[in-house]
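Peer 1: This structure is in structure tokens; I'll ask about it shortly.
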Amino acid sequence: MSEEIRRWKTLSVREVYRNPWIRVEEHQVINPGGNQGIYGKVLFQKKAIGIVAIDDEQHTWLVGQHRYPLNEWSWEIPEGGGDDPLASAQRELLEETGITAARWTSIQRTHLSNSVSDEEGFIFLAEGLTQGTPMREDTEADMIVRRLPFTEALAMVLNGEITDSLSVMGILRVARILQR
């Protein structure tokens, strides 16, 4: 079957908002069905970063904080953003938990909401951990850090208590890695 692949066609682009973290554009388009319309696109200035830290006793660290866009409390793996994924992961783990790691493994690349944004995420496994002092930003003043058995974090994903996408992907991926 040789059906023609139909693609979106961009007629024009207009920036409608910008801040240091995101840019929002409105696109005038012709959709794959041939009809004219608009498409909103959110462009992220940094890459999303998540870290699953596992110690020698098979414990991990979650951070809890209020997430303003959702107006909800959220348990998550340590996360942040940056240009260089590994350097950003190392910085975020130290900043939020005070932990440094001797071994880093990239375990997942992802697009977090590809129907409306270009946000790209990277998840790392951190091992060979050394505990230090967190160095949180003022936006993280409400943050709580929790060390728990990895199996408990996995149960939190499976029962819907953890809903953050980087956290769900990272914890499930590490569960698979630990099975080997």
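Peer 1: Failed condition for GLY170, given (1) among the small types (Gly, Ala, Ser); (2) surrounded by 14 or more Cβ atoms within 10 Å (Cβ to Cβ); (3) at pLDDT below 95, with all others met?
Peer 2: Answer for GLY170: the failing condition is (3).
Peer 1: So, of the residues in the stretch 66-112 that are touching a residue at least 60 places away in the same chain (Cβ under 8 Å) and surrounded by 19 or more Cβ atoms within 10 Å (Cβ to Cβ), which turns out to be nearest to the chain's Cα centre (by Cα)?
Peer 2: My answer is GLU79.
Peer 1: So which residues in the stretch 113-135 are of a type outside the set (Val, Ile, Thr), outside any strand (DSSP E or B) and within 18 Å of the chain's Cα centre (by Cα)?
Peer 2: Across the stretch 113-135, the qualifying residues are SER113, ASN114, SER115, ASP118, GLU119.
The values are calculated or read from the model by the stated rules, or taken from the named source; none is laboratory data. Computed from a prediction, not measured in an experiment: that's the story for all the values here. Reconstructed Cβ throughout: ideal geometry from the backbone, glycine too, with neighbour counts over all protein chains shown.
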